[in-house]
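Nothing in this text is a laboratory measurement; each read-out follows from the coordinates by a stated rule. The structure presented is a predicted model; accordingly, all values stated were derived computationally and were not measured. No Cβ is skipped: glycine too gets one built from the backbone with ideal geometry, and neighbour counts run over all protein chains shown.
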Amino acid sequence: MSVKIGNAGFVECLEIFGDDLTVVNAARVSFAKESNAFEPRDEKLIAYLANHGHNSPFFHPMARFRLKMPIFVAREWFRHTVGFARNEVSRRYVDDEPECWVPTLLRARDTNKKQGSKDEAIPENDRVVKEIQNFTVGAVSFYNFLLKEGVAPEVARGVLPQSMYTEFIETASLSAYARLCSLRLDPHAQKEIREYAAAVSEIMAAKFPASWKALTPHPSQELS
């Protein structure tokens, strides 16, 4: 399953290990018991585990994703470290044509917040968006110029903007993704990272319906 985000970003599910029954059996091993099929009563057990902070059974199921997002989003995403393993495309070795994220709506700064933005666009939105497009085209052009001049990719990459897309493979437990999505689907999180969290949440809710419902307060929250 793959969810497209923005002009070039995406979230792609590569592999899932386990299901809701995996959580149930991890919990029941304490009593030397095991279930062969998921039953209605198991949903109550999962809810009990989540509500009382018994987190270890949720560590056993795992998910692996391939994600492509702007660098400024990825650096926020990478702040979630516990339970995650990541390998990222390196521009020390790769000099393919860079892709850059260009917004269509430039949200105005909210003077009542230390961080964050309003829902409204700035007055000169279309003109400034065009300036951003020109800037990113120029940055990529200059990067290619440096490569033609013989500059090593690991040095030339320094001129590329934070809006450049990066790509990585990420593996984490059900518990780790639930924590990430719970935080990044909060209305106070930046809209661009909420879009990626919503895509991951949609996939995880389909794969682990009972566990995801129990672990996340807003697994299917829509973005404004």
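So how compact is segment 1-40: Cα radius of gyration and Dmax in angstrom?
Here Rg and the maximum Cα pair distance are 16.7, 51 Å.
Cα convex hull of segment 107-159: how many Å³ per residue?
92 Å³
Return the sequence-ordered ³J(HN,Hα) values of segment 51-66 in whole Hz as given by the Karplus equation 6.51 cos²θ - 1.76 cosθ + 1.60 applied to θ = phi - 60°, using x for Gly and Pro.
5, 10, x, 8, 8, 4, x, 7, 7, 6, x, 10, 9, 10, 10, 10
Hand me the trypsin sites (Lys or Arg not before Pro) from segment 16-99 located in a DSSP loop with no more than 14 other Cβ atoms within 10 Å, in residue order please.
Here the trypsin sites (Lys or Arg not before Pro) that fit, given the DSSP loop and packing criteria, are Lys33, Arg79, Arg92.
With springs only between Cα atoms under 10 Å, which of Asp110, Asp95, Asp20 fluctuates most in a Gaussian network model of the chain?
Looking only at Asp110, Asp95, Asp20, the largest GNM fluctuation is found for Asp110.
What base-10 log of the normalised intensity I(q)/I(0) is obtained for the chain from the Debye formula, alpha carbons as equal point scatterers, at q = 0.10, 0.15, 0.18 Å⁻¹?
-0.56, -1.02, -1.28
Measuring from centroid to centroid over Cα atoms, what is the spacing of segment 67-104 and segment 160-220 in Å?
Rounded to whole Å, the Cα centres lie 15 Å apart.
Between Ser35 and Ser56, what FRET efficiency follows from the Cβ-Cβ distance if R0 is 22 Å, with the result rounded to 0.05?
For Ser35 and Ser56, the calculated efficiency is 0.80.
What pairs from Lys44/Lys191; Lys44/Lys113; Lys130/Lys207; Lys68/Lys213 go past 29 Å between their alpha carbons?
Lys44/Lys191; Lys44/Lys113; Lys130/Lys207
How large is ³J(HN,Hα) for each residue in segment 90-107, as worked out from phi by the Karplus curve 6.51 cos²θ - 1.76 cosθ + 1.60 (θ = phi - 60°), to whole Hz, x for Gly and Pro?
In residue order, the calculated couplings are 10, 7, 6, 10, 10, 10, 4, 4, x, 10, 10, 6, 10, x, 9, 10, 9, 5 Hz.
May I ask you to evaluate 6.51 cos²θ - 1.76 cosθ + 1.60, the Karplus curve with θ = phi - 60°, for each residue of segment 17-23 and list the ³J(HN,Hα) values in order in whole Hz, giving x for glycine and proline?
My calculation for segment 17-23 gives 10, x, 7, 4, 5, 4, 5 Hz in order.
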